[in-house]
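Enquirer: Structure provided below as structure tokens; questions to follow.
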Amino acid sequence: MPQAKQFAQISLEEKTLDKDSTKKKQKHWVKKRHAAVFAFLRFAMAPFLWLRYHYRAEKAPIRKGPCIVLSNHQATMDPFFISKAFPFQLYFYASDDLFNLKVSPLIRYLAAPIPKSKSVADLKAVMISLRVLREGGAIGITPEGNRTLSGRLWEMGDSVAKLVKTAKVPLVLFNLCGGYGTDPRWGVKIRRGTKFVGRVRRILTPEEYAGMSDEELFGIIKNELDVDDTLSGERYKSRRRAEYIERALYMCPVCGSIGTIHSHGTGFCCTSCKTEAEYTEDLKISPPVGGYSRIYEWYEWERQEIVRRILGGEKISDGDILFRESVKLQKKIKLPGNTVTLDKDSLMISGGGTETRYPLAEIDAITAVGKKKFNFYYKGKILQVKGGKRFCAIKYVHAFDGIRAARKEEKQ
């Protein structure tokens with residue numbers, strides 16, 4: 001459904017909810033126990049966040065909700081990092097995987113996160129958000145919808161600007177700086193950095209953005225949330241700082257081989273052409289490989305190149321995978337197959353004498369999950385591929401997104 005129609009539908013459903021509430025009292029999403037839990041966690045988690053991550057948060061100049069807090073998404077514990085700056089509770093968006101844990105019912109009771117499927121439009125999440133804001137609560141969203149692998153902003157849609165315009169509450173733009181250096185998504189060890197801080201970058205009132213178009217507001221959001229830790233001059237120390245960098249860098253820019261990057265300690269190499277480099281304490285690649293001295297430069301190149309290669313007839317494939325169906329609030333269901341393959345037309349799961357093809361045209365989205373998994377949304381189902389410790393999920397996301405964009409452009 002186009003986004004404009006979605007938000008028209010939201011307005012209609014909002015009116016319906018208002019009418020229904022006069023007939024039947026609706027339970028509140030915002031509850032006093034949530035504020036008490038967050039107040040306790042802000043206090044109890046402070047020593048841990050400092051000792052483990054050397055993190056500090058600058059106090060936010062806004063003292064209460066309703067409001068929408070948008071932040072870049074750098075590290076594993078971002079909701080805790082962001083919350084530390086605010087004196088009131090935030091209701092964060094949470095992905096499908098959080099609702100498959102044994103402790104999910106307890107998390108829902110204590111914090112009531114807003115369930116949101118990654119990389120797909122989710123009208124229910126928007127409706128819950130507006131409900132929380134009506135009740136005086138505050139929403140916390142990382143609009144990238146996925147934690148950065150490259151160190152720069154993940155691609156995101158302009159639906160977040162539409163949500164802000166619909167909600168008509170203060171918009172708080174928050175920056176995490178140093179999280180990528182301290183705890184990169186592809187890595188395995190926390191690095192000891194000299195700086196990891198969270199701060200409000202800008203606050204926009206409803207009066208300030210009322211006259212802006214969705215495009216203008218979205219442009220401001222992207223600009224204010226973009227953080228590049230490589231420009232900070234800070235140093236992040238670890239003897240294993242390069243390990244598992246192949247979860248982000250899957251194609252060699254020197255020889256073009258896919259899946260040949262191998263990391264160990266502070267360095268990595270291409271097993272095909274023997275090119276070697278170090279990942280330095282100031283988050284650089286030394287010497288530059290193929291002209292790229294930063295991860296996000298290399299990452300952007302391979303994101304474009306993988307699409308060209310697959311549209312040209314190549315395939316990408318990985319074995320030793322675990323294939324499952326993810327059902328909200330239930331244990332994942334194991335499905336047959338131990339190899340995943342993607343070409344220009346289909347994603348295939350094979351092994352054990354079976355092969356199942358999922359036409360790309362019938363897949364709603366593919367999104368990276370955690371460090372070594374990806375979900376794909378097919379005919380109302382959430383299907384998950386989980387690989388080994390060096391598995392690179394992002395190449396499947398890049399391929400799918402790029403092929404879809406190319407075919408959409410062909411039709412126009």
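The values are calculated or read from the model by the stated rules, or taken from the named source; none is laboratory data. Keep in mind the model is a prediction, meaning the values are calculated, not measured. FYI the Cβ positions are ideal-geometry reconstructions off the backbone, even for glycines, and counts take in every protein chain you see. Only protein heavy atoms, including side chains, enter the accessible area calculation; ligands, DNA and RNA are left aside. Shrake-Rupley method; radii C 1.70, N 1.55, O 1.52, S 1.80 Å.
Enquirer: Hey, any hits in segment 150-165 for a residue that's open to solvent by less than 30 Å² (accessible area, probe 1.4 Å), in contact with a Gly (Cβ under 7 Å, 6 or more places away or on another chain) and at pLDDT 90 or above?
Expert: No: segment 150-165 contains no residue that is open to solvent by less than 30 Å² (accessible area, probe 1.4 Å), in contact with a Gly (Cβ under 7 Å, 6 or more places away or on another chain) and at pLDDT 90 or above.
Enquirer: Would you check which residues across segment 170-215 are charged (D, E, K, R), touching a Leu at 6+ places or on another chain (Cβ under 6 Å) and farther than 30 Å from Leu51 by Cα and list them?
Expert: Of everything in segment 170-215, nothing turns out to be charged (D, E, K, R), touching a Leu at 6+ places or on another chain (Cβ under 6 Å) and farther than 30 Å from Leu51 by Cα.
Enquirer: Lys168 is checked against (1) under 18 Å from Val369 (Cα atoms); (2) surrounded by fewer than 18 Cβ atoms within 10 Å (Cβ to Cβ); (3) among the basic types (Lys, Arg) and fails just one. What number does that condition carry?
Expert: (1)
Enquirer: Yes or no: Glu325 out of contact with any Gly (no Cβ under 9 Å at 6 or more places or on another chain) and either of a type in the set (Gly, Ala, Ser) or not in a loop (DSSP other than H, G, I, E, B) (or both)?
Expert: yes
Enquirer: Moving on to the next point. State which residue is farthest from Pro143 (Cα to Cα) when the search covers only segment 171-208 and only residues that are surrounded by 24 or more Cβ atoms within 10 Å (Cβ to Cβ) and hydroxyl-bearing (Ser, Thr, Tyr).
Expert: Thr182
Enquirer: Looking for something assigned to a loop (DSSP other than H, G, I, E, B) and of a type outside the set (Ser, Thr, Tyr) - is there at least one such residue anywhere in segment 349-364?
Expert: Within segment 349-364, one or more residues are assigned to a loop (DSSP other than H, G, I, E, B) and of a type outside the set (Ser, Thr, Tyr).
Enquirer: Open to solvent by 100 Å² or more (accessible area, probe 1.4 Å), modelled with pLDDT under 85 and not β-branched (Val, Ile, Thr): which single residue out of Lys19, Lys32 fits that description?
Expert: After ruling out the rest, the residue left standing is Lys19.
Enquirer: Ala46: more than 23 Å from the chain's Cα centre (by Cα), assigned to a helix (DSSP H, G or I) and over 23 Å from Ser129 (Cα atoms), yes or no?
Expert: yes
Enquirer: Identify all residues within segment 302-344 that are in contact with a helix residue (DSSP H, G or I) (Cβ under 7 Å, 6 or more places away or on another chain), surrounded by 14 or more Cβ atoms within 10 Å (Cβ to Cβ) and of a type in the set (A, V, I, L, M); write none if there are none.
Expert: Ile306, Val307, Ile310, Leu311, Ile316, Leu342
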